[in-house]
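Here the structure comes first, spelled out in structure tokens, and everything after it is commentary.
The values are calculated or read from the model by the stated rules, or taken from the named source; none is laboratory data. Note that the structure is a prediction, hence the values are computed from the model and not measured. Positions of Cβ are backbone-derived with ideal geometry, glycine not excepted, and every protein chain shown enters the neighbour counts. Accessible surface is based on the protein model in full, side chains and every heavy atom, while ligands, DNA and RNA are left aside. Shrake-Rupley method; radii C 1.70, N 1.55, O 1.52, S 1.80 Å.
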Amino acid sequence: MESSEAVQDRTVSVTARNDLILLSLALALSQTGVMLYLTVAALTGFGLADNKSLATLPLALQFVSMAAGAFVVALAMRRYGRRPVFLLGQLIGALSALLAAVCALQGSFTGFCIATLGLGIHNATWQHYRFAAIEQAPPVWRSRAIGLVLSGGVLAALIGGPLANWSQGLLLKLYAGTYLTVAALCLLTALLLLKSRLRVRRSPARGAQRSLRQIAAQPGFALAVWVGAIGFAAMAFIMNSTPLAMRLYGFASSDSNWVIQLHTLGMFAPSFVTGRLVRRFGSRSTAALGIVCFLVAVSINLAGVDKLNFAAALLLLGVGWNLMFVSATDMLADSYRPEDAERAQALNDTLLFSVVAGSNLLAGFLLELHGWQWVNLMVVGPMLLTLVFVLWRRERVVVLGERG
């Protein structure tokens, strides 16, 4: 006979599925918008900027605003709940995408950079879908819930490529039609989120909270931030440079759209099994497998500049990111107490996206000055160092005791 706790866990997990599915669909639409934006942002920056080495500056500014807005977003969610802030983030995304379209049509590089700051705030809000997933499911479901929500990106991969090709034909001047499509996707996501009933977790008394210094001092927290930041930064470093590199090697925009579509599929398709890998082998071993995928992807890029090289490398790059990102999120959830959740999540995202912002800014300069090969070689050292960290101590660092 099942224990009352087991029955409750099963009941909660069945009830939570609806919200997890809604979060997954919302992530699919949000990630589709990001995919559309990423396929053209560097090209738009290249067309607008007088100094072509600044082509990836708008992308870097997007991650700067993501990092800067992470604390504000997390604290707002603590006070007002997840859903209102998710909805506000989608509205900001729609307005910012409209501004990007206008600036592309008018030829304003400065205005386009301002628009990307708003898109960064938008991204900072929906990045919390994975944290909302943790709250909707019982502990035993945690890694699977994260994977289920991230699996919505598979839909983004399937529709993103065709939608990118279609949207780029709407208004040809510097891809303004793509930004209008991103705005429409933000509004559609907001309508979807209105149907959700995200469970609100009661916040403990403020006196029970630890300081940010105490949170950051947890060994598990430091490792989670490092793994997430290096995986995300290395992925963005190569991915955001790929459309520019393919253009320099004579490929059409439709070719880079297809490659980005494959990359997005690689980012999210493993989510159906990554949670199970984490539960079976542990987050450190799963992260190590992701690092191996990154190193193989770099090797493929260094082996040649054919279309298949770009495609295979970015597909593996996406798989590596998924394994590292889910593992890092799982490590992070083990490193803080419930009363510290929002602050720990905010500190994690602030540090993570600060690193990603720097990597994006460096990517444009490196590609312009030293070429595609150096863009790839730059990620090898950090990846090998991360591999040492995750394998140095194989046992998990648990602050809260056994999970689920």
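Shown in residue order for the range 337-350 are the 3J(HN,Hα) couplings computed by the Karplus curve 6.51 cos²θ - 1.76 cosθ + 1.60 at θ = phi - 60°: 7, x, 6, 9, 4, 5, 5, 5, 5, 5, 5, 4, 5, 4 Hz (x for Gly and Pro). Taking label positions 7 Å along the Cα-Cβ direction at both residue 365 and residue 303, the computed distance is 3.3 nm, reported to one decimal. Using Cβ point charges alone (K and R +1, D and E -1), the dipole size of the range 331-385 about the Cα centre works out to roughly 160 debye.
What does the highest-first list of 88-94, 375-381, 176-182 look like by mean Cβ count within 10 Å? Don't skip to the answer; put the middle values down first.
Values: 88-94: 22.1, 375-381: 17.7, 176-182: 24.6.
My ranking of the peptides, most packed first, is 176-182, 88-94, 375-381.
Summarising the amide proton neighbourhood of residue 56: residues at separation of 5 or more, or on other chains, whose placed amide H is nearer than 5 Å comprise 364. Once phi is turned into θ = phi - 60°, what whole-Hz ³J(HN,Hα) does the Karplus curve with 6.51, -1.76 and 1.60 give for every residue of the range 157-168, x standing for Gly and Pro? Residue by residue, the range 157-168 yields 5, 6, 9, x, x, x, 5, 5, 4, 5, 5, 5 Hz. For residue 173, give me every one of the lysines with a C-alpha distance below 22 angstrom, ignoring sequence neighbours fewer than eight places off in its own chain. Result set, ordered by chain and number: 52. Across the range 28-42, coupling constants 3J(HN,Hα) worked out from phi with the 6.51/-1.76/1.60 Karplus curve, θ = phi - 60°, read 4, 5, 5, 5, 4, x, 5, 4, 4, 5, 5, 5, 10, 4, 5 Hz, and Gly and Pro carry x. For the peptides 254-262, 122-130, the ranking by packing is 122-130, 254-262, with the highest mean count of neighbouring Cβ atoms within 10 Å listed first.
Distant-in-sequence amide contacts of residue 151, defined by a placed amide H-H separation under 5 Å and a gap of 5 or more residues or a different chain, comprise nothing. On a 0 to 90° scale, report how tilted helix 109-126 is relative to the longest principal axis of the chain, with both axes built from alpha carbons and the result rounded to the nearest 10. Around 20 degrees separate the two axes. Against the main long axis of the alpha-carbon atoms of the chain, helix 271-281 sits at an angle near 50°. Among 30, 327, 285, whose mean-square fluctuation peaks in a Gaussian network model of the chain (Cα, cutoff 10 Å)? Among 30, 327, 285, the largest GNM mean-square fluctuation belongs to 285.
Here the simple spin-label model places points 7 Å from the Cα toward Cβ, and for residue 281 and residue 222 these points are separated by 2.6 nm. Projecting the Cα positions of 73, 294, 383 onto the charge dipole of the chain (unit charges on Cβ atoms of Lys, Arg, Asp and Glu, taken about the Cα centre) puts 73 furthest along the positive direction.
How many Å² of accessible area per residue for the chain, probe 1.4 Å?
Values: 16140 Å² over 404 residues.
Here the per-residue accessible area is 40 Å².
Taking the protein heavy atoms of the chain in the context of the full set of protein chains, the accessible area attributed to carbon and sulfur is 66 percent at 1.4 Å.
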